[in-house]
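A short worksheet on the structure shown next.
The values are calculated or read from the model by the stated rules, or taken from the named source; none is laboratory data. Just so we're clear, the structure is a prediction, and the values are computed from it rather than from any experiment. Note that each Cβ is placed from the backbone with ideal geometry, even for glycine, and that neighbours are counted across all protein chains shown.
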Amino acid sequence: MQSEPYIQPAHTLDQPSTLCIVGPTGSGKTHLAMSLAKHAKSIGLTLELISMDSALVYRGLDIGSAKPTPAEQAEVKHHLIDILEPTETYSAAHFAKDAKQLCLEIRGRGNIPVVVGGTMLYWRAWAHGLSTLPPANPEIRSRLDEQGKQIGWPAMHALLATVDPQTAIRLQANDSQRVQRALEIYEITGKPMSALLADSPSEDGREGSAIPHWINLVSLEPSDRARLHQNLEKRFDQMLTGGLIDEVQKLKSNPNLHADLPAIRSVGYRQVWEYLDGHVDWEQMRYKALAATRQLGKRQLTWLRAISGRKIFDPFNSNELKAALEYCKQNLSSQA
């Protein structure tokens, strides 16, 4: 079985740097990008947004992924949204290739690309390239899934600690997707994932790495974690009242979809799916979804803090939020 090829980051010295807006979930990335697009239009420039989000690629995952609304997508051209069915898979290597090509195409028609999102594995592949780790092995993955269901993922995490303690330390015991992947890699290669990452430093998004000269990275990092959690709780409750249950019920009506697909493992969708399967009650579903959302935000911030040279703004500080927009506007002016 072949692994995905090394993806060399795309850049040319005669092109201006590409603006990339990142941040944890709920930090206001889309709002900043849309404000920037409106400003660009007012000065005769056209922005096109490239989504760097692993959930937005899937059709039918709208409410729970906080997908830009149809009105927002009509106002500003968005790329890499609704490009796959939930039965399909999309990798960091795919994103790196697609983002590279889209940046060239957008500039080719005289417009300005802006990358927006919080899937940091995609960021790493696009910015630094992606060395080879073995691709998924369906047989091993299915067996590990079944084992996880039987003994529980904390027990699977304990198994991982016996063969790859370094990876186990940095993973949550209930992070089934990542625990499974680490165990899968060990079974395929006979080596701990941590050892493979050590041999290919660009694989490990946790180490400090400079931003490539062809990217201008703007990071929205909330200073008030409690306020962020309150906002995330409010947003999820709005998703629930806005039709998330019906959205997942519609997905469940597709006989080709199941709980182990990457799309259905997305935060929020996994928990509602469990609720509709009768495995948890409403309060448990809500609690688990909020906990998973907070964990996602924590992981995203861990990635971001390892990136040196990023431009940091606090979206909960009105002055800093204005400064973030002004900084992005200056970036646009340099490309006009």
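Key figures for this structure:
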quantity: Residue in the range 83-104 that is touching a Gly at 6+ places or on another chain (Cβ under 7 Å) and at negative phi present; calculated: yes
quantity: One residue from GLY118, GLY108, GLY152 being under 30 Å from HIS39 (Cα atoms) and surrounded by fewer than 16 Cβ atoms within 10 Å (Cβ to Cβ); calculated: GLY108
quantity: Where a residue in the range 238-261 is assigned to a loop (DSSP other than H, G, I, E, B) and its partner, wherever it lies, is hydrophobic (A, V, I, L, M, F, W, C), with Cβ under 6 Å and at least six apart; calculated: GLY242/ILE63; GLY243/ILE63; LEU257/LEU251; ALA259/TRP273
quantity: Qualifying positions in the range 265-298 - more than 20 Å from LYS250 (Cβ to Cβ) and either crowded, with 21+ Cβ neighbours inside 10 Å or among the small types (Gly, Ala, Ser) (or both); calculated: ALA291, ALA292, THR293, GLY297
quantity: Conditions (1) touching a helix residue (DSSP H, G or I) at 6+ places or on another chain (Cβ under 7 Å); (2) within 25 Å of SER91 (Cβ to Cβ): number failed by LEU251; calculated: (1)
quantity: Considering residues of the range 185-241 that are more than 26 Å from CYS103 (Cα to Cα) and of a type in the set (S, T, N, Q) only, the residue modelled with the lowest pLDDT; calculated: SER200
quantity: Residue check for ASP145: over 30 Å from THR18 (Cα atoms), touching a residue at least 12 places away in the same chain (Cβ under 8 Å) and part of a helix (DSSP H, G or I); calculated: yes
quantity: Residues that are in a loop (DSSP other than H, G, I, E, B) and under 16 Å from the mean Cα position of the chain (by Cα), drawn from the range 42-58; calculated: MET52, ASP53, SER54, ALA55, LEU56, VAL57
quantity: Selected residue (only one of ILE50, ILE83 is surrounded by fewer than 18 Cβ atoms within 10 Å (Cβ to Cβ), in the same structural domain as ARG107 (by TED's automatic domain parsing) and within 23 Å of CYS20 (Cβ to Cβ)); calculated: ILE83
